[in-house]
Amino acid sequence: MKAWLLKDFGLHNLQPGDVTTPAPQPGELLVKVGAVSLNFRDKAIVDGIYEPHLVPKPLIPVSDAAGTVVAVGAGVTRFQVGDRVNSTLYSRWIDGAPGPDEPAYCIGMPLPGGLAEYMILHEDSAVPAPASMSDEEASTLPIAALTAWYSLMDVGHLEPGQTVLVQGTGGVSVFAAQIAAAHGARVIVTSSKDENLAKIKTLVGNAKVEGVNYRTHPDWERNVLELTNGLGADVTIDVAGGDGINRSVAATKVQGVVAQVGFLSGQTTALNLMPVIFRQTTIRGIAVAPRSSFERLNVFLDTHRIKPVIERVYRFDDAVQAFEHLARGPFGKVVIKIADA
Ligand SMILES: NC(=O)c1ccc[n+]([C@@H]2O[C@H](COP(=O)([O-])OP(=O)(O)OC[C@H]3O[C@@H](n4cnc5c(N)ncnc54)[C@H](OP(=O)(O)O)[C@@H]3O)[C@@H](O)[C@H]2O)c1
C-alpha cells in the first residue's frame, strides 16, 4: 500500500513510500482510510518535540482517521466489513480513568497511524463514524472535537447558562465553541486575528459568543473579567500553555476549572500559586478522552447537527503542504483525503 513514512525528525523526512498492507490479527479491523485530519500533536511528532524517545522510525504518522472496514480478524464482533469507523487516539482507554501506560498504545505514534491507504484498528478502539458526516468531516473528531467535549462535559460539567473561555481559533477551540454554544453556554474566544473572531461569531451565532484579540489586548484576562461582571469563566480551555496559565487562572471564576489541554507557547510554566490558592482553581491536565466519551460526543453532534469546520482538504500526495498549512495556524481543521468511501 501507499503510505507516508516519517524516516527521521523534520518535515523533509516525511516521504511517500510503499509498504506491505497489514493483515488484521484476532480482534483487529483492516480499515481502508477515507481521510485523516491533522492535529498539533502530529506536527510536534514530526518536529521531534513530542516524546521523541517514543517515536519509531520509520513511522506512518497521523492519529485521526475515518474509513471503511474491509477485513476483520478472528473473533471480531463489534464491527463488520462495510462499516464506517473512526479511530481513537488511545487505543486501549475505553472508559473511566486511564491506565498508567496509555501513551504506549496511541495511534499515530508509537502505533502506526492513518496517513496510508490502509490502517489497523483494534475493534475495541474504533467507534462508528457519525452517519451524518463524510469521512473528511468524521476524521476531524478523534482528538480535536473529543478533547473539547471531554474538557467541557466530563471534566468541566458545563451547564447551560455558564460561560466558557477558549483560546485561539484552531481545531480544539472551534469545536469547543460550537459544543458549548449548542449546550446553551456563553462563549468567550480569544484570537490573534479580528477576522477569525468575526468568523467564529458567524459560525456560532453573534448572541452566544464574544471575542477578545489577545495580540491587541495582551492582558486579555481583564477583558474576560469585564465581560463576566468580574467573575470569570466557569470553564477555561487553555491550549496555549506556558506562563499564560496565570492569565487563565485569573480569567476563570473562583472554584472554576482550567482544562490544561495545550502547550502552543510552551511546555513549562512559572505558576503563581497564591492566585490558584485564593481562587481555589482546579487545573486539570487533559489527555483526550476514553472511547465512551467519544460515543457520547457523536450522539451530541448528530442531535445538534454540528458540522466540523474544515479550512482545507488536501490530496494524499500533498500531505507535506497540509502539514505546512497546520503550522500557519488554520481556522478549524486541515484534512487529507486518502480515498473515496
Ligand atoms: N491534551 C490533549 O488532549 C490535547 C488534545 C488536542 C490538542 N492538544 C494541544 O492543544 C493545542 C492546540 O491544538 P489544536 O489542534 O487546536 O491546534 P491548532 O489547530 O494548530 O490551533 C492553533 C491555534 O491556536 C491559537 N494560538 C496559538 N498560540 C496561541 C497563544 N499563545 N494564545 C492563544 N491562542 C494561541 C491560534 O489561533 P488564532 O490564529 O485565532 O490566534 C492558532 O491558530 C496544541 O498544543 C495541541 O498539542 C492537546
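The values are calculated or read from the model by the stated rules, or taken from the named source; none is laboratory data. What you see is a predicted model; the values in this text were computed from it and never measured. Don't worry about glycine lacking a Cβ; one is built from the backbone with ideal geometry, like all the others, and counts go over all protein chains shown.
If only one of Asp18, Asp8 is without any contact (Cβ under 8 Å) to a residue 24 or more places away in the chain, surrounded by fewer than 16 Cβ atoms within 10 Å (Cβ to Cβ) and charged (D, E, K, R), which one is it?
Numbers: Asp8 fails: without any contact (Cβ under 8 Å) to a residue 24 or more places away in the chain.
Criteria check complete, one pass: Asp18.
Give the residue that is farthest from the ligand (Cβ to nearest atom), with candidates limited to residues of the stretch 142-171 that are part of a helix (DSSP H, G or I) and in contact with a Gly (Cβ under 7 Å, 6 or more places away or on another chain). Explain how you work it out, then say what you get.
Taking the stretch 142-171 first, the residues part of a helix (DSSP H, G or I) are 142-155, 171.
If we keep only those that are in contact with a Gly (Cβ under 7 Å, 6 or more places away or on another chain) too, we end up with 144, 171.
Working: Ala144: 5, Gly171: 4 Å.
The qualifying residue farthest from the ligand (Cβ to nearest atom) is Ala144.
Table: residues versus (1) under 30 Å from Gly34 (Cα atoms); (2) surrounded by fewer than 24 Cβ atoms within 10 Å (Cβ to Cβ).
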position	(1), (2)
Met133	yes, yes
Ala144	yes, no
Ala148	yes, no
Glu159	no, yes
Gly171	yes, no
Lys208	no, yes
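Is it true that some residue in the stretch 285-296 is farther than 23 Å from Val127 by Cβ, away from the ligand (no atom under 12 Å from the Cβ) and out of contact with any Cys (no Cβ under 8 Å at 6 or more places or on another chain)?
no
What are the residues in the stretch 118-131 that are touching a helix residue (DSSP H, G or I) at 6+ places or on another chain (Cβ under 8 Å) and in a loop (DSSP other than H, G, I, E, B), if any? Full working, then the answer.
Taking the stretch 118-131 and keeping what is touching a helix residue (DSSP H, G or I) at 6+ places or on another chain (Cβ under 8 Å), we get 124-125, 127-131.
The answer is Ala129, Pro130, Ala131.
Residue by residue through the stretch 13-53, note down the ones that are touching a Ser or Thr at 6+ places or on another chain (Cβ under 9 Å) and of a type in the set (S, T, N, Q).
Hits for the stretch 13-53 are Ser37, Asn39.
Restricting attention to the stretch 241-269, which residues are surrounded by fewer than 20 Cβ atoms within 10 Å (Cβ to Cβ), part of a loop (DSSP other than H, G, I, E, B) and modelled with pLDDT of 95 or more?
Correct list: Gly241, Thr268, Thr269.
Count, please, the residues in the stretch 61-90 that happen to be in a strand (DSSP E or B) and within 16 Å of the ligand (Cβ to nearest atom).
If we filter the stretch 61-90 for residues that are in a strand (DSSP E or B), which is where we start, we get 64-72, 84-86, 90.
With within 16 Å of the ligand (Cβ to nearest atom) added as a condition, the list becomes 64-65, 86, 90.
Qualifying residue count for the region: 4.
Can you tell me which residues in the stretch 1-60 are within 16 Å of the ligand (Cβ to nearest atom) and assigned to a loop (DSSP other than H, G, I, E, B)?
Leu38, Asn39, Gly48, Ile49, Tyr50, Glu51, Val55
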